[in-house]
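See below for the structure under consideration.
The values are calculated or read from the model by the stated rules, or taken from the named source; none is laboratory data. These numbers come from a predicted model, not from an experiment. Cβ coordinates were reconstructed from backbone atoms using ideal geometry, including for glycine residues, and neighbour counts include every protein chain displayed. Calculation scope for accessible area: heavy atoms of the full protein, side chains included, ligands and nucleic acids excluded. Shrake-Rupley method; radii C 1.70, N 1.55, O 1.52, S 1.80 Å.
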Amino acid sequence: MNRKIAEILLQAVEHDFTLIEIETLLEKPKYEQLGDVAFPCFTLAKKFKKSPNVIAEGIGSNINDPFIQKVQVVGGYINLFVNKLEITKEVLGEITLVKETYGQKQGNNENIVIDFSSPNIAKPFSMGHLRSTVIGNALANIAEKNGYEVIRVNHLGDWGTQFGKLIVAYRLWGKKEQVEAAPIEELLKLYVKFHDEAEIHEELNDQARAAFKALEENEQSALELWNWFKHASLQEFMQIYDQLNIRFDAYEGEAFYNDKMQAIVDELKDKQLLTQSDGANVVLLEDMPPCLITKQDGATLYATRDLAAAFYRQANYKPSKIFYVVGNEQTLHFKQVFNVIEKMGYSWSKNLQHVPFGMMLKDGKKMSTRKGRVILLKDVLKEAVETASKNIEEKNPSLRNKQEIAEQVGIGAVIFNDLKNYRLNDIEFSLQQMLNFEGETGPYVQYTHARICSILKKVQLTLNEEVTVKELEESAWGIVLLLQQYPQVISDSLEQADPSIVAKYVLQLARVFNKYYAHTKILVEDEKLESRLVLCFAVATVLKDGMRLLGVQSPENM
RNA sequence: GUCUCCAUAGCUCAGCUGGAUAGAGCACACGCCUUCUAAGCGUGCGGUCGUAGGUUCGAAUCCUACUGGGGACGCCA
């Protein structure tokens with residue numbers, strides 16, 4: 001639509017501007033009654049040395065196109081009212097035709113690797129991990145919608161000194177039966193105990209480092225323990241992923257790169273990038289602290305593994321982009337890793353992008369496993385589903401498959417709550433807010449969708465190219481405009497790597513529709529009935545698809 | 001100490017490539033179901049956009065300083 005308007009304006013301006021220049025100047029009027037599209041003339045005023053108003057008047061009087069219904073010049077703005085029927089026909093017609101593929105971009109034959117979720121083995125899956133998981137999953141869906149081939153990678157935290165600690169702790173205090181009964185819980189206890197004891201007995205830390213070194217050197221008994229811990233943890237994680245309806249293409253955790261790091265270290269050495277520093281090997285970088293590659297004892301570090309991972313992904317997936325959906329607090333780490341790759345002379349380092357996000361806070365502070373300031377995702381999901389169940393009993397007791405719907409609503413509420421805010425903001429954990437299903441929430445959007453579905457079920461609506469769209473009520477115009485913006489929202493959210501753009505859009509669409517629904521009877525036999533039904537179908541389709549991108553299901557009844 | 005992110009209504013947030021009267025939701029008060037699901041809709045209440053400067057015809061939006069808060073800063077991940 002904006003493109004069309006820019007073309008019309010280009011004719012009217014009578015000076016050399018490019019289409020793009022004009023199109024980017026276009027904005028949405030702040031108030032609906034002002035018009036559909038506004039063209040501000042302030043920048044032109046500077047160029048032509050005339051007052052914005054005079055210019056606006058001049059251009060305004062030049063506009064003459066059937067697409068534009070009315071032109072109004074107000075305070076330096078040219079406000080345009082478009083031909084509503086044209087747009088309505090175009091937008092609703094397209095959605096009727098292509099349905100849920102509305103907004104889908106053509107395949108671009110480019111791969112994008114998204115590294116997300118990546119929980120630490122032997123630690124509980126907390127609310128803190130939810131963020132990476134749901135943001136990454138949403139970005140993956142959004143990237144697909146934008147025409148990319150997506151590879152979802154779970155970079156499990158299954159390697160590192162922490163396992164040395166765990167092995168030492170288990171050998172000292174662990175009981176086999178207890179760990180078997182409740183793996184993560186028991187291992188966490190051991191981990192906490194280790195830290196408490198290490199405060200007094202510092203030699204424990206040395207033992208842990210040695211144990212990890214042994215692990216890296218494939219020492220049998222250490223390896224067995226590690227394997228056991230890993231599989232037990234993974235089983236618990238899988239349950240959560242099932243509940244969230246999230247799948248990965250690869251579980252290539254840190255350990256996966258164990259045999260791929262030496263090559264990196266050798267290459268760094270060959271390229272003379274390694275510097276000895278207090279017995280450790282580091283790569284010196286400009287404008288930031290050096291990047292540690294190996295420790296004094298020769299064991300590797302997090303950065304080493306991330307380097308190996310980047311090379312592996314580059315070679316195997318040939319991605320045009322790699323997203324690292326990892327918390328804010330690791331910004332420096334990724335800057336260092338990306339920089340090292342650049343120093344090694346690989347231009348693909350510019351395809352690596354850290355997608356940071358704010359932390360989940362508890363009482364204004366970071367959650368900490370060791371300090372017991374941790375909330376388990378499992379528990380929160382359970383409560384959310386229970387709350388949804390209660391709501392169903394209260395509001396719609398005759399609903400069939402209650403349990404299934406309660407899952408969809410409760411879990412949807414938790415996911416949506418996380419995704420609706422700007423990615424980089426910290427989120428204060430609030431169960432109360434998460435379990436509130438009114439207002440700007442997932443259930444609100446789901447409810448809107450479900451209500452439309454029950455209308456559509458009551459009638460026979462055959463959707464084909466023959467549907468006749470007539471001019472709708474004035475109050476439906478805002479809905480059509482929003483529907484028209486969906487494809488743009490899809491590309492914006494990938495460009496900003498921010499799912500909240502989709503979440504906000506879906507909320508707005510639901511809100512505008514609910515307003516319409518409250519004031520307009522849809523099932524009335526008149527000449528506009530079919531048009532209203534097509535509108536309803538279009539809204540339901542876009543709501544459902546938008547929610548799908550966020551990883552939230554849209555039940556037809558609730 | 002250095003770097004970095006943040007500060008908008010009682011609370012949670014939107015708006016930020018500068019533009020027209022600062023927007024939602026929650027909470028609170030009141031109103032709307034003999035009509036398509038009231039998880040909804042409406043009305044009211046509520047803001048010196050952290051402070052002080054600067055750039056500009058115009059600043060919540062850009063720049064600087066300050067204040068307050070989060071986070072990161074070599075052998076953890």
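Output the pairs from A:LYS89/A:LYS458; A:LYS269/A:LYS295; A:LYS213/A:LYS260; A:LYS165/A:LYS230; A:LYS84/A:LYS470; A:LYS420/A:LYS515 with a Cα-Cα distance over 18 Å in this structure; if there are none, say none.
Distance filter (> 18 Å) returns A:LYS89/A:LYS458; A:LYS420/A:LYS515.
If I fit a long axis through the Cα atoms of helix A:52-62 and take the longest principal axis of the Cα atoms of chain A, what angle between them do I get, 0 to 90°, rounded to 10?
For helix A:52-62, the angle is close to 60 degrees.
Roughly to the nearest percent, how much of the accessible area of chain A is carbon and sulfur, given a 1.4 Å probe?
That fraction is 48 percent.
Working from the pairwise distances between different alpha carbons, so that the mean of 1/r is found and then inverted, what is the stretch A:511-558's Kirkwood radius in Å?
Result for the stretch A:511-558, one decimal place: 12.0 Å.
If you average 1/r across every pair of different Cα atoms in chain A and take the reciprocal, what Kirkwood value do you get, in Å?
Kirkwood radius, chain A: 26.9 Å.
Over the alpha-carbon set of the stretch A:377-454, divide Rg by the Kirkwood Rh and report the Rg/Rh ratio to two decimals.
The Rg/Rh ratio comes out at 0.98.
Can you give the accessible area of A:LYS335 in Å² (nearest 10), computed on protein heavy atoms with a 1.4 Å probe?
Per-residue accessible area (A:LYS335): approximately 110 Å².
Taking chain A as the reference, fit the longest principal axis to its C-alpha atoms, fit the long axis of helix A:203-216 to the helix C-alpha atoms, and give the angle between the two in degrees, 0 to 90, nearest 10.
Between the helix axis and the principal axis of chain A, the angle is about 70 degrees.
Mind ranking A:104-113, A:534-543, A:72-81 by how tightly packed they are, going by the mean number of other C-beta atoms within 10 angstrom, highest first?
Final packing ranking: A:534-543, A:72-81, A:104-113.
How much of the DSSP beta bridge set in chain A is antiparallel, as a percent to the nearest 5?
Antiparallel: roughly 60 percent of the beta bridges in chain A.
Give the accessible surface of chain A per residue, rounded to a whole number of Å², with probe radius 1.4 Å and ligands, DNA and RNA excluded.
47 Å²
Please report the relative contact order for chain A, taking Cα pairs under 8 Å with a sequence separation of at least 6, and give it as a percent rounded to a whole number.
Once divided by the residue count of chain A, the mean separation gives 16 percent.
Probe radius 1.4 Å, ligands and nucleic acids left out: which of A:ARG400, A:ARG152 has the largest accessible area, and how do the rest follow?
Largest accessible area first, the list is A:ARG400, A:ARG152.
Viscosity 1.306 mPa s, temperature 10 °C: give me the Stokes-Einstein translational D for the stretch A:377-550 in µm²/s, with Rh taken as the Kirkwood radius over C-alpha pairs.
Estimated via Stokes-Einstein, D reaches 91 µm²/s.
Cross-link partners among aspartates and glutamates for A:LYS47, C-alpha distance below 20 Å, same-chain residues fewer than 8 apart left out?
Within reach: A:GLU14, A:ASP16, A:GLU21, A:GLU23, A:GLU27, A:GLU57.
For A:GLU428, what residues show an amide H to amide H distance below 5 Å, using hydrogens built from the backbone and excluding near sequence neighbours?
A:LEU361
If DNA, RNA and ligands are ignored and the probe is 1.4 Å, what is the ranking of A:ILE20, A:ILE167 by accessible area, most exposed first?
Correct descending sequence by accessible area is A:ILE20, A:ILE167.
Sort out for me the Cα centre separation of the stretch A:415-452 from the stretch A:319-361, rounded to whole Å.
The two parts, judged by their Cα centres, are 29 Å apart.
Compute the helix-to-body angle for A:302-317: its Cα long axis versus the longest principal axis of chain A, expressed 0 to 90° and rounded to tens.
Between helix and principal axis, roughly 50 degrees.
Could you let me know the centre-to-centre spacing of the stretch A:288-310 and the stretch A:272-287, using Cα atoms, in angstrom?
10 Å
Going down the table (A:LYS99/A:LYS318; A:LYS99/A:LYS528; A:LYS99/A:LYS382), which pairs top 25 Å between alpha carbons?
Exceeds cut-off: A:LYS99/A:LYS318; A:LYS99/A:LYS382.
Under a straight-distance cross-link criterion of Cα-Cα below 20 Å, which aspartates and glutamates are reachable from A:LYS395, leaving out those fewer than 8 residues away in the same chain?
Cross-link targets: A:GLU383, A:GLU386, A:GLU404, A:GLU407, A:GLU438, A:GLU440, A:GLU556.
Sorting A:MET434, A:MET288 by accessible area (1.4 Å probe), largest first, what list results?
Ranked from most to least accessible, the order is A:MET288, A:MET434.
Nothing charged except the Cβ atoms of Lys and Arg (+1) and of Asp and Glu (-1): what's the magnitude of the dipole of the stretch A:377-550 about its Cα centre? Round to the nearest 20 debye.
Dipole magnitude for the stretch A:377-550 comes out near 400 debye.
Given H placed 1.01 Å from N in the peptide plane, which residues other than close sequence neighbours of A:THR294 have an amide H under 5 Å from its amide H?
For A:THR294, the qualifying residues are A:ASN281.
In whole angstrom, note down how far apart the Cα centers of the stretch A:133-182 and the stretch A:489-541 are.
Taking the Cα centre of the stretch A:489-541 as reference, the centre of the stretch A:133-182 is 38 Å away.
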